[in-house]
Each structure stands twice: as structure tokens, then as C-alpha cells.
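Notes to accompany the following structure.
We did not get these values from a lab; they are worked out from the coordinates using the rules stated. Just so you know, these numbers come straight off a predicted model, no measurement behind them. Every residue, glycine among them, receives a Cβ derived from its backbone with ideal geometry; neighbour counts consider all protein chains shown.
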Amino acid sequence: MELRTCKRCNKELPEDMFYRRKQSKSGWDCNCKECRNAINKVSQEKNKREKTPEEKAKAVAAVNKWREKNREKAREYNRRSAKNMSKEQRDAMNARKRELYAIKKDEKAKRKYSFMLEFKKALKEL
Ligand SMILES: [Zn+2]
């Protein structure tokens, strides 16, 4: 087994101390498993911070825009990621979907409501 040097801790470790990473040139993650887990944990902590409604709406809009442009890719991506998911991940995804749906519904309701108000106003002015 070959030794690889971790970019983060600079330790020389056997390959099985690294995760496979198809996207990289070497086929291996450049950080050892221990470091990779630590990195992931940090970014998870970062993502845990509750997003503001503006941030949420912005993120939703960006995703929707991408989906509009890449319908096929989006479908393929959903199909593939759903297959590889654990139960917890799927539950989390479904919860998020419901959340997104609720936001959408809320926006729709608001639009409907403001339209109704305008309509009523217009009627009064007649
Ligand atoms: Zn390391």
C-alpha cells in the first residue's frame, strides 16, 4: 500500500487512511480521514446557523433558477441522490422540501392577498 501525505496535518499515512475521491486527479482525497472528518464537522457547524428569511428566499431563488435552466440535470441529480441516501438523509431532504414548499405557498398566498387588496381598492374607486 502506498503512503500519502495529508495536506492538512502533513502526516504520511497509508492510503486506507484516506477517502476515495473520484473528482480528484489522484483518485484520493488530499486530506486524511481524520482531517476530512474535522473539516466536514466545521462546515456542518457553519451551516447549522439558521438562515435569515432573506437568505432562504435568495437560496431558493438561485436553486429554482438553476433548475429552470437544467431541468434534465436536476431530475437526474434528484434521482441519483435519492438512491444513495440513508434514511436520515432522506427524511432531512423531505423535511427541507416541505419547508421550501411552505415558503413557496406563503409567497403565493401573499401575492394572492395583495392582488385581492388591489382588486378591492379598484372596486371602491369605481
Ligand atoms: Zn490529516
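Rounded to the nearest 500, the helix-only mean residue ellipticity at 222 nm of the chain stands at -23500 deg cm²/dmol, with each DSSP H run of n ≥ 4 adding -39,500 (n - 2.57). On full extension, the segment bounded by residue 112 and residue 68 gains 13.5 nm, given 0.36 nm per residue less the C-alpha separation. Would you kindly state the longest site-free stretch of the chain, with sites defined as GluC sites (Glu not before Pro) in a DSSP loop (not H, G, I, E, B) surrounded by at most 13 other Cβ atoms within 10 Å? Answer from the scan: 51-126. Counting only residues at least eight positions apart within a chain, or on another chain, the lysines with an alpha carbon under 17 Å from that of residue 51 are 97, 104. Projected onto planes of every orientation and averaged, the convex hull of the alpha-carbon atoms in the chain covers 12.0 nm².
Relative contact order of region 1-83, please, whole-number percent, based on alpha carbon pairs below 8 angstrom and at least 6 residues apart.
It comes to 17 percent, rounded to a whole number.
Going down the list 22/83; 25/46; 83/108; 25/87; 65/108; 7/41, which pairs span over 26 Å between their C-alpha atoms?
25/46; 83/108; 25/87
Karplus-based coupling profile of region 2-15, in residue order and whole Hz: 7, 9, 10, 9, 6, 6, 8, 9, 6, 7, 8, 9, x, 4, with θ = phi - 60° in 6.51 cos²θ - 1.76 cosθ + 1.60 and x standing for Gly or Pro. FRET efficiency for the pair residue 20 and residue 79, taken as 1/(1 + (r/R0)^6) with r the Cβ-Cβ distance and R0 = 30 Å, rounds to 0.85.
Charge tally for residue 6 (other residues, Cβ to Cβ under 10 Å; Lys, Arg +1; Asp, Glu -1): +3.
Defining a contact as two alpha carbons under 8 Å apart and six or more residues distant in sequence, what relative contact order in percent does region 1-49 show? After rounding, I find 29 percent.
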